[in-house]
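The values are calculated or read from the model by the stated rules, or taken from the named source; none is laboratory data. Just so we're clear, the structure is a prediction, and the values are computed from it rather than from any experiment. We place every Cβ from the backbone using ideal geometry, glycine too, and count neighbours over all the protein chains shown. All accessible areas refer to the heavy atoms of the entire protein, side chains included, with ligands and DNA or RNA removed. Shrake-Rupley method; radii C 1.70, N 1.55, O 1.52, S 1.80 Å.
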Amino acid sequence: MRLLLSLSGGLDSTTLLAHALSLNHDVQPVVFSYPSKHNPFEREAANAVCRYYDCDPIHIDLRAAFEPMASALLLGGGDIPEGHYTDQSMTQTVVPGRNMIFLSVLGGIAMSAKTGMVWFGAHAGDHAIYPDCRPDFVQAMDQAMMLATDGKVRLNAPYLMANKTDILRDALRLNAPLHLTRTCYKNQAKPCGLCGACRERAEAFETLAANDPCL
Ligand SMILES: [Zn+2]
């Protein structure tokens, strides 16, 4: 099956890519530019993951679309909060409609390329903080994508009910190139270890008694 997925270069989308390739799907990764503080590091990671798997990504520049939006994750927003993902402060890192926007673009590309499936790396750990990672959103977006493409493109989120530890377990099973991935939200090359994204990743490695090759 041919499918399209957004590759951020993080643990989740890299594992999603590894999972799709392990099932012998013909995968087209798409890498988005948008003005998040960590986006330059993400894109570097995504490109490295594509080189590792010998995939040729499509690069889409959405910087202008996100300029009017307010989020601590974006350049010009407040400081990235530190602490656990479930803390209220982490809602500051929501980028309004980000996945809805990314998925809309992916749906259009998929239809143009006659690719019938878009995969999305949302997981259960995202549900509390990020509205456009929740099952009801994924179901509605699948419906919207199907209606907008006259039934030609569907949306699937294979890790929707999995948590970060489940995804890491899959990544280790599939020998995904975790050493190339980027998770931290901050505008710095080295992972901070303190933001919600770093904390969630660290907890998954701790749970599985594995070492994070990026630290
Ligand atoms: Zn961090």
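Remarks
- Average accessible surface for the range 1-106: 44 Å² per residue, computed with a 1.4 Å probe over protein heavy atoms with every protein chain in place.
- Each residue of the range 192-205 is assigned a 3J(HN,Hα), and the resulting list reads 6, x, 10, 6, x, 5, 5, 5, 5, 5, 4, 5, 5, 5 Hz, derived from the Karplus form 6.51 cos²θ - 1.76 cosθ + 1.60 (θ = phi - 60°), x at Gly and Pro.
- The lysines within cross-link reach of Lys190, meaning a Cα-to-Cα straight distance under 19 Å and a gap of 8 or more places when in the same chain, are Lys37.
- Label-point gap, in nm, between Ala209 and Leu21 - each point 7 angstrom along Cα→Cβ: 2.9 nm
- Counting only Cβ charges, +1 for Lys and Arg and -1 for Asp and Glu, the dipole size of the range 30-108 around its Cα centre is about 140 debye.
- Structural descriptor for the chain: relative contact order 25 percent, calculated from alpha carbon pairs under 8 angstrom and at least 6 residues apart.
- Gain upon complete extension [Ala128, Arg2; 0.36 nm per residue less C-alpha separation]: 42.2 nm
- Taking the range 1-76 and dividing mean pair separation by its residue count, relative contact order in percent (alpha carbons under 8 Å, at least six apart): 34 percent
- Nearby aspartates and glutamates by direct alpha-carbon distance to Lys152 (threshold 15 angstrom, same-chain neighbours under 8 apart not counted): Asp142
- Of all accessible heavy-atom area on the range 153-215, the percent that carbon and sulfur account for (1.4 Å): 49 percent
- Of the peptides 130-139, 159-168, the ranking by mean beta-carbon count within 10 Å, highest at the top, reads 159-168, 130-139.
- For the range 87-182, the calculated P(r), taken from all Cα-Cα distances in 10 Å bins from zero up to the bin holding the longest distance, is 15, 39, 35, 10, 0 percent.
- Restricting the range 23-118 to trypsin sites (Lys or Arg not before Pro) that sit in a DSSP loop and have at most 15 other Cβ atoms within 10 Å of their own Cβ leaves Lys114.
- Near-label residues of the range 88-120 by backbone N, under 15 Å of a point 7 Å along Cα→Cβ of Glu67: none
- Kirkwood-Stokes translational diffusion coefficient of the chain, alpha-carbon pairs, 37 °C, 0.692 mPa s, µm²/s: 190 µm²/s
- Point-charge dipole on Cβ atoms (K/R +1, D/E -1) for the chain, about Cα centre, debye to 20: 300 debye
- Taking every DSSP helix (H) stretch of at least 4 residues in the chain, weighting each as -39,500 (n - 2.57) and dividing the sum by the residue count yields a mean residue ellipticity at 222 nm of -12000 deg cm²/dmol.
- Rounded, prolate or oblate (a/c below 1.5 giving rounded, otherwise prolate when a/b exceeds b/c) for the range 1-128 by Cα gyration tensor: prolate
- Amide proton proximity set for Val31, modelled H, under 5 Å, gap of 5+: Leu7, Ile58, His59, Ile60
- Mean-square fluctuations from a GNM of the chain, with a 10 angstrom spring cutoff on Cα atoms, peak among Asn24, Asn47, Asn39 at Asn24.
- 3J(HN,Hα) from dihedral phi, the range 13-27, Karplus parametrisation 6.51/-1.76/1.60, rounded to Hz, x for glycine, proline: 6, 5, 5, 4, 5, 4, 4, 5, 5, 5, 8, 6, 6, 8, 9
- Charge dipole of the range 135-202 about the Cα centre (unit charges at C-beta), most positive-ward option of Leu180, Gly151, Met161: Leu180
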